[in-house]
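Trainee: Could you have a look at this structure, given as structure tokens, before my questions?
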Amino acid sequence: MSSRANLVPIAEKRGHSLTHLSRLLGRNAAYLQQHVARGAPKRLDPDDRRRLAIYLEVDERELGARDPWVPNAPHP
């Protein structure tokens, strides 16, 4: 499931609408709905994504963050 598709069930499970979450970020009410439905913006701003992950208590990667770089990590 894509990070955009993940956002809706995560928000619903926690009882939040995309409108509420958009306003929490200080964005217009349709910001996250447009992100999910139209892919605009294609990726969430890293600060917005981090705030959502903290607020929703999910791993930021579920919302589109890349795996962090780790020194000396084994290669897959």
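The values are calculated or read from the model by the stated rules, or taken from the named source; none is laboratory data. Note that the coordinates shown come from a computational prediction; the quantities given were computed from them, not determined experimentally. Because the Cβ atoms are built from the backbone with ideal geometry, glycine has one as well, and the counts that use them run over all protein chains shown. Areas reflect the complete protein model, heavy atoms only, side chains present, ligands, DNA and RNA absent. Shrake-Rupley method; radii C 1.70, N 1.55, O 1.52, S 1.80 Å.
Trainee: Among the residues of the range 14-41, how many are open to solvent by 70 Å² or more (accessible area, probe 1.4 Å), in a helix (DSSP H, G or I) and closer than 18 Å to residue 54 by Cβ?
Mentor: 2
Trainee: Residue 11 versus (1) modelled with pLDDT under 95; (2) part of a helix (DSSP H, G or I); (3) among the small types (Gly, Ala, Ser): which is the lone unmet condition?
Mentor: Failing condition for residue 11: (1).
Trainee: Could you say which residue among 52, 44 is surrounded by 11 or more Cβ atoms within 10 Å (Cβ to Cβ) and not in a helix (DSSP H, G or I)? Walk me through how you get there before you give the answer.
Mentor: On the way: 52 fails: not in a helix (DSSP H, G or I).
Selected residue: 44, the only one of 52, 44 that is surrounded by 11 or more Cβ atoms within 10 Å (Cβ to Cβ) and not in a helix (DSSP H, G or I).
Trainee: If you go through the range 55-74, how many residues are open to solvent by 40 Å² or more (accessible area, probe 1.4 Å) and either more than 28 Å from residue 12 (Cβ to Cβ) or aliphatic (A, V, I, L, M) (or both)? Talk me through it step by step, then tell me what you get.
Mentor: Applying the first criterion (open to solvent by 40 Å² or more (accessible area, probe 1.4 Å)) to the range 55-74 yields 55, 57, 59-62, 66-74.
Then drop every residue that is not either more than 28 Å from residue 12 (Cβ to Cβ) or aliphatic (A, V, I, L, M) (or both), which leaves 69-74.
Selection size over the range 55-74: 6.
Trainee: Are there any pairs, at least 6 apart or on different chains, whose C-beta atoms fall under 7 Å, with the first in the range 1-26 and closer than 12 Å to residue 56 by Cα and the second aromatic (Phe, Trp, Tyr), and if so, which?
Mentor: That search, which allows pairs on different chains as well, returns 24/55.
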